[in-house]
Amino acid sequence: MNAAQREQLQRSWADRPGLVGWLTTVDHKRVARRYIVTAFVFFLMAGVLALLMRAQLAYPNLRLIGPDRYNQMFSLHGSAMMFLFAVPIMEAVAVYLVPLMLGTRNIAFPRLNAFSYWVYLFGGIMIFAAFVLDVGPEAGWTGYVPLSSSDFSPGKRTDFWAQMITFTEVAGLCVAVELVATIMTQRAPGMTLARMPLFVWSMLVTSLMVIFAMPSVMLASTFLITDRLVGTQFYNAAEGGDPLLWQHLFWFFGHPEVYIIFMPALGMISSIVETFARRPIFGYTPMVLALVATGFLAFGLWVHHMFAAGLPPLGNSFYTAASMLIAVPSGIQIFCWIATLATGRPRLAVPLLFVLGFFALFVLGGLSGVMLASVPLDLQVHDTYFVVAHFHYVLIGGALFPLLGAVYFWFPKIAGRLLSERLGRWQFWLLFAGFNLTFFPMHYLGLLGMPRRVYTYPHGLGWDAYNLMSSVGAYVIALSFVLMLVNIVRTLRRGDAAPDDPWQAPDLSCATASPPPAYNFAAVPAVSSRHPLWADADATPCAELPVLAGVRSDRREVLLTTPVDAAPANRWAMPDPSPWPLWSALALTVVFVWSIFDQWGVVWGAIPVAVAMTAWFWPKRSEPSLGGDA
Amino acid sequence: MTARAARTLSLLLLALPLAGCAVQGVQSSLQAAADQSRAIDQVWTLMLWVCSAIYVAVIAALAWAIWRRRRAVQREGRTRDPLLARALAAWVVLVVGLLSWFVAASFLADRRLHAGHADLEIRVTAKQWWWQVEYLSPQPDQQFSTANELRLPRDQTARIELLSGDVIHSFWVPALSGKEDLIPGYSNAVLLTPRRAGRYRGQCAEFCGLQHAQMALDVEVLDAAGFAAWRARQLAPAPAPSDAHALRGAQLFLGSACASCHAVRGTSAASRLGPDLTHLASRRALAAGALPMRREALRAWLADPQHAKPGNQMPQVPLDPRDRELLLDYLMGLR
Amino acid sequence: MSRAMRTIGDVAGLPDYAFGPTSVGWWGVLGFMLIEGMGFVLAVGAYYYLLHNEVQWPPNAAPPPLGWATAFVVLGLCSEVPNYLVGRMAQAQRLQAVRWGLILMVLLGLLMLVLRGFELHAMNVRWDRTAYGSIVWALLVLHTFHTITDVFDSLVLAVLSWRKHMDGRRHADVADNALYWHFIVWSGAGLYLVIYWTPRWL
Amino acid sequence: MCSRCLASALLTVLLAGAGGCERERREYHSTPAGTDARPALTSFRPGGAPLDAAPSALGRHYQDNAFHIGQGGRLFRSYNCNGCHGAGGGAIGPALMDAQWRYGGSIEQIHASIVDGRPNGMPAWRGKLTDEQAWQLAAYVSALAGNVSKAAAPSRRDALSATPPLTQLPAQPTQPGDASAQQPPPQ
C-alpha cells in the first residue's frame, strides 16, 4: 500500500468540508460519535431530573416540587433514560466499533445510519422541549392506560410521549437492521461466525432482539395515540378493549428492552476482560450460547411485570420458572469471566475496575431479580422502592458501569488521546460509593412499604433516614460525572496521544490508527483466528497483519463476504455523503408532530417524506449505481 | 488497599439487611401479621439467605481471581481447561438446583395466598385518590360503606373484592399480604387472615395520577368483640346534630355543594361521588391519610383542600369562616 | 500503522454486485420484513386477545363483507406470477423484461390499492365503535400502508429502469423489491384469513 | 459541537411554542374567580349593537385549558347531566352537540345557563357547584359543540362511548337561536 493509494483512499472517503460536510456525512465514526455525545447529553439532562426528584424526597412532606411537575419529571427521567440514553448509546458504540472490529470501511446502509441519528436527535429535542413547555409525559415511562388515556391525561402530554417512542424506535430499528446487515456481509475474510469477537456477537443478538421487540411498543403506542386522537377503543374496557392489552404489548417489548440494554454491555465486558486478563476468554462457545439463550428467554417472561394484575396463578408460576431460568446464562457468563481473570494475568486499569464494579453491583441486582421472579415475593415488593433499587442495580451496575469502562477503554481509539487514569479511579470510587449510597437503602424502603412514583411521603414510617441517605448519594453520583467531564475536557485539550493499540487488545479495531482514518483500513485485513492481533494464547501482539489487495480505492468500496464462512464474495460500492437523510428525518419529524394534532397530518405530511426519500435513493448522474442503496 | 476497601464495603452492605429488620413500621412487609404475609415472608427469608451466600461466594471468587498469587510462568492461559470446564458444569447444576428450589418454594407460598374460605366479604373500590370500602352481607340491612379505613376481625379470613372506579390502582397492606391491582373492567380479590391485632397502613401501589402519593388506607385488626362493636356502630345512621351550632352546620352541609358529592346516612345527602361521611369523626385520618382527623386539620382541609393534597377532586367551597365553624361542629359530631 | 501488512491475496477479480444473502440490500429487505412481519404478528395477537373478551365475535355486527377483500387477495396471489418472473429476469439481468415487468407490477399494485379502497369503504364497522372495529381497521390500514410503500418503490424502480443505465446493482434492487412484494402478498393473505374468516369459522 | 446545535434548536422550539403552557396546566390551585355579570342572550338590544361573540378572558381561560375541559367532562358524568342531555345528544333536555342554542352557545352563556338554570327543566346549580366547577362544565359543553381548540379537546371516553371523540367534531355556531321554539327531543 503506497502513499498515493492512501491519498486516493482519503479523497474517496473524505466528507465535504465545513458545515455541509457535517450535515451530510455518512461516516459511521462521525455519526456514532455524535450519537454518543447526544446520548450523554440526554443522560445528563435526565440525571438532573433525578437530582431534583431526590431533592424533593430528601425529607418527608417537602414542598419543593408539586405533584404535577414531579410526575412529569419521573416520567421523563425513565423515558429519557430508556429510550434516549440506554438503547441509543449501546447502539451508537456498536455503530462505531462493529465495522472496525469486522475490519471493514463503513457500516452497511450508511445513509440510513445518518437518518437514524437525525430522527433520534429530533425526537429527543421534541420531548425535552415539550417538557419545558409543560407538555411533558405524566403517566410514567410505562404509560399505563387508562391513566394515559384522554380521560385521565387530557391535553397533548401523552401524545408527545407516544410520538417520542415512535421517533426513537424508528431510529433504533434502523440501526439494528444496519448492524445485522453489516455483521452478516461485511466481516473480514476468514472471520467465520465462530471467530467473531464476543462484542460483535452480543450486538448481533441485541439487534435481532430489537427487531423482534420494538415493533411491539410501536404498535402499543400507535394504538394509544389513535385511542387519544381518533377515538379507537383498543384500551377501553367498556367497548371490548382491554387495559391489560397495553401492559402485554408494552412488556413484551419492555422486558427484552432490559436485555437489549444489558447485552451490549456483556460484549463490552468480554472485550475488556479479555484484554486486561491478557488471555483469550475462557469458554467462548458457552458465552455465545449464553448470549443467544438470553436473547430467546428474554421474550418469554414479560408477564412477571404483571403478577399483581390478577392473571391466572398457574400461568404466573410458569413465568416464575422462565424468569428464574434466565439466571442460568447470566451465571455461565459470570463464571467464564471470573475464570478468565483467574487464569490470566489481570492488569487493574480503569476499564477493568469498572468491570469489577459491574460484578459487585450486577450480581446483587441479578439476585434481587431472582427474588422478583417469585410470584409471592413480587406481590410484596412490586412497584416499591425495592424494584427501583433492583433495576438501577441491573441497569446502572449491569450496563452503565461496563459502558463507562468501555468509554475509558475505547476513548483513546475514538479521540486519539488517553484519559487520565488517576481521575478515572477517582470517578470510579465516587460513583461506586455514591451509587450504593443512593440505591442500596432503597431495598429497605421497598420492604418497609414505600411505593415508587410518590412525590412525597409522610413522616414516621421509618423511611426518613434511608431517603436522606439516598438523596445525598445521588449528589455524589453527580459529582463523579462532573469528574468524568473534567477528565474528558482535559484530555481533549492536552491528553497524551494514544498509540494504535493502547491496551494490546486482540480485535481488529486496534489494527488501525487512533483515531481511525475515514477509510478505517488501508487494506482489507484477513483473519484466521479469534484473536487476529494476538500471536498466541499469552496475548503476545502479532508483528504483522495479513491483508487482501484489490478493493478499489478510487471509490467507496468495501469487500463483502459470505454470511457464515466469511469467504470473499464481491466488492460493494458504498454511497456518498448526502443531505437527503437529514431532509427525510426533518420531513418525518413534521409528520410525527403534525399527527399529534391532526390525523390528516399523516397523509399530507407523507408527501414530503416520499419526495425526500426518493431523492435519497435516486442515483447520481455521474455514478449511476452509487446512490441506490441506503 | 483497594481490595480491603472493597471487601469491607461489601461486608457492610450485607450486614445492612439485618439492621433493617429492627425498624418498626405499620407499613412494613417485614412485620408480617397475617397468614398471607407470613407465607411470603418465609420465601423472603429463604431467598435472602441463599442469595446472600451466593453473592458472597461470587465476590470471594472474583477477589481470589484478581489477587491470587501467581507463579512466574503461567501454564494456564489456555482457552480449554478441563478442570474449569468441569467447574462450569458444576456451577450450572448448582444454579439450576437452587432456582428449582426457589420455584418450588414460591409456588407453594403462592398457593397459600389463594387458599382458605372467606368468613367476611368486603368490596374495595379505588378511585382517584381514595378508597371506597363496602362491607357486604347477604342481608341488605347489614351492609354499610365507609372510606379510607378497613377494619378486620382477627383470626378470620376476609375476602376483599377489588374494583376500580377510574384508573388502575393497587391494593397493598404490606403487613397483611402482597398487592393486587384494581383494574377497570376486571374484578380481582385478595384473602386476608390477620393473626395479630393492631394498626397497619396500606397504600396505593400502582401509579394513579397526581395524588398517588397520598392514597393511604388505614387498617386496623380488632378482636372479634371489638370488630362486632365497630360494625354495629357503622351500621347505625349518622348521629343527629347535638346542639344548635351543629344543627345549623347540618343545614349548611345539605344546602351547599358538600351534599352534591358526599353521603351522610340518615340525611338527604346520598351522593356517592366522594367518600361517605356518615361516621367521619370516628376515622383516624382525613383525605386518604393526608391529614390527621382533628378539628384544626379538618378546618384547614375545608378552607383549601388543594393545599394538603394538590390535585384532588374536592373543590374549594367558598364558605364564610363563621359558617365553616358551624359546619365543623356538625362534621366533628359524626362519630 | 504500526503493524506491517503482508498481502496474501487479491480480490479485484470479484464482481461488484451480488444477489441474495451476499448482498447488503437483501439483508436490509429481510430486516425490514422481519420488523413489519413482527408488527403483523403482534397485531394479529392483539386481535385474538380482544376476541377473548367478547362472548360474540364480531360484537353486535355481521362478519365483514367478503367481496372486495377476496378480490384483493386473489389479485395479489395472481400478481405473484409476474412478480416471481420479474425477480428471475432481474437476476438474469434481462433489461427489457425487467422494464415491462416492473410496469406491470406497478399497475397491478395500483389496482390492488383501488380494491383495498373499496374494501375499506365496504367495511361494516367503524374504528371508533368497538375494539373489534379498531383492530380490524388497524390491521387493514397497517397492511395498506406497506402496500403503498412497495408500490411506490416499484414505481421509482420502473422509472429508473427506463431512464438510467441499469447495471447489476440496480437489478439486485429489483430482485429485492420482488422479495418484498412476496411479503406484501402473503401477509395480506394471512390477514384476510384472520379478519374475514375468523368470524365465520368461529 | 453537537450539544451547541442541540441547545440552539431547543431555544428555537421554546420560543416558537410557548403556547403549550396555558393549554396543559393542571390548574387545581387558585383559578380566577368568576363574575356574576349576566351575559347577554340575544342580540336584540337598544341601539342594535352587535353581540360580542368572542368569549371573555375568563371564558377563554377555561375553554383553552385541557385540564379544565377534562374535569368538566368528569363533572358532566358525575352530576348526571347525561340523564337529560344524553351524553350531549339530547333527550329530555336539548342536544348540546348541534348548532341549536336556545340561550346562546358562548361559554359565558353556557355558564349562566348552568348556574341559574333555564325554564322547562334545567335546574339552577348555584350553590350545588362551586363557580370553578360551573366554568369547567361550561368548558366541557363548549367542547361537546366543537368550540374549543382541537389541541385541548378530549378524545373518546374511557367508558361506553355514546358520542364520537370530541376531537373529531365540527365546530358549531355559538349564536343563540329562538328560545321559544321547543323542538321535540330526538329519539
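A short reminder: the numbers here are calculations on the coordinates, not readings from a lab. Note that the structure is a prediction, hence the values are computed from the model and not measured. No Cβ is skipped: glycine too gets one built from the backbone with ideal geometry, and neighbour counts run over all protein chains shown.
Observations
- Residue-normalised convex hull volume from the C-alpha trace of segment A:349-470: 105 Å³ per residue.
- Percent RCO, i.e. relative contact order, over chain A, from Cα pairs under 8 Å lying at least 6 residues apart: 20 percent
- Cα shape, chain B, gyration tensor, a/c 1.5 rule: prolate
- With a simple spin-label model that places each label point 7 Å from the Cα along the Cα-to-Cβ direction, the separation between residue D:22 and residue A:7 comes to 6.5 nm.
- When the P(r) of segment B:92-194 is calculated, the portion above 23 Å amounts to 36% of the C-alpha pairs.
- Only Cα pairs under 8 Å and 6+ residues apart enter the sum, and on that basis the relative contact order of segment B:244-332 stands at 35 percent.
- Within chain C, the percentage of alpha carbon pairs spaced more than 21 angstrom apart rounds to 58%.
- Cα pair distances in segment A:291-378, grouped into 10 Å bins until the bin that holds the longest one, percent each: 16, 39, 27, 14, 5, 0
- Using a Förster distance of 60 Å, the FRET efficiency for residue D:91-residue B:240 (Cβ separation, nearest 0.05): 0.95
- Computed from the Cβ-Cβ distance with R0 of 45 Å, the FRET efficiency linking residue A:422 to residue A:597 stands at 0.30.
- Segment A:100-161 shape via C-alpha gyration tensor axes, a/c threshold 1.5: prolate
- The ellipsoid equivalent to the alpha-carbon distribution of the protein assembly as shown has semi-axes of 56, 41, 27 angstrom, derived from the gyration tensor eigenvalues as √(5λ) and listed largest first.
- For C:12-22, mean number of other protein chain Cβ atoms within 10 Å: 6
- Within the listed set C:21, C:63, C:82, the residue fluctuating most in the Gaussian network model of chain C (springs between alpha-carbon atoms under 10 angstrom) is C:21.
- Cα-derived Rg over Rh, computed across segment B:137-209 with Rh taken as Kirkwood radius: 0.97
- Expected 222 nm ellipticity per residue - DSSP helices of 4 or more, -39500 (n - 2.57), all of chain B, to 500: -13500 deg cm²/dmol
- Look at the stretch A:560-572: the mean tally of other chain Cβ atoms within 10 Å of its residues' Cβ atoms is 5.
- Put in line by how crowded their Cβ is, counting other Cβ atoms within 10 Å and starting with the fewest, B:84, C:95 read C:95, B:84.
- The ratio of the alpha-carbon radius of gyration of segment A:194-290 to the globular-protein estimate 2.2 N^0.38 Å is 1.55.
- Projecting label points 7 angstrom from Cα along Cα→Cβ for residue A:468 and residue D:82 puts them 5.1 nm apart.
- What the Kirkwood sum gives for segment A:1-122 is a hydrodynamic radius of 17.0 Å, with every pair of different alpha carbons counted.
- For chain B, share of DSSP beta bridges that run antiparallel, in % to the nearest 5: 70 percent
- Alpha-carbon Rg/Rh ratio, for segment C:75-175, with Rh computed the Kirkwood way: 1.12
- Label separation (residue A:314 vs residue A:48): 5.5 nm, computed from points 7 Å beyond Cα along the C-beta direction.
- Taking the Cα centre of segment A:32-177 as reference, the dipole from Cβ charges on Lys and Arg (+1) and Asp and Glu (-1) amounts to some 440 debye.
- Short-range pairs are left out: with C-alpha atoms under 8 Å and at least six residues apart, the relative contact order of chain B is 16 percent.
- Across the cross-link table entries B:127/B:309; A:29/A:413; A:156/D:150; A:156/D:128, which are compared at the Cα atoms, the separations over 22 Å belong to A:156/D:128.
- Cα gyration tensor shape for segment B:244-332, rounded if a/c is under 1.5, else prolate or oblate: rounded
- Cβ-placed point charges (K, R +1; D, E -1), dipole of the protein assembly as shown about Cα centre in debye, nearest 20: 2920 debye
- From its DSSP helices (H runs of at least four residues, each -39,500 (n - 2.57)), chain A gives a residue-normalised ellipticity at 222 nm of -21000 deg cm²/dmol.
- Relative exposure of C:120, B:62, judged by other C-beta atoms within 10 Å (fewest first): C:120, B:62
- Using a Förster distance of 22 Å, the FRET efficiency for residue C:201-residue D:159 (Cβ separation, nearest 0.05): 0.10
- For segment A:219-261, average projected area of the Cα convex hull in nm²: 3.0 nm²
- Going from the residue with the fewest nearby Cβ atoms within 10 Å to the one with the most, D:103, C:84 rank C:84, D:103.
- 3J(HN,Hα) along segment A:545-553, derived from phi through the Karplus expression 6.51 cos²θ - 1.76 cosθ + 1.60 where θ = phi - 60°, amounts to 10, x, 9, 10, 9, x, 7, 5, 9 Hz, with x in place of Gly and Pro.
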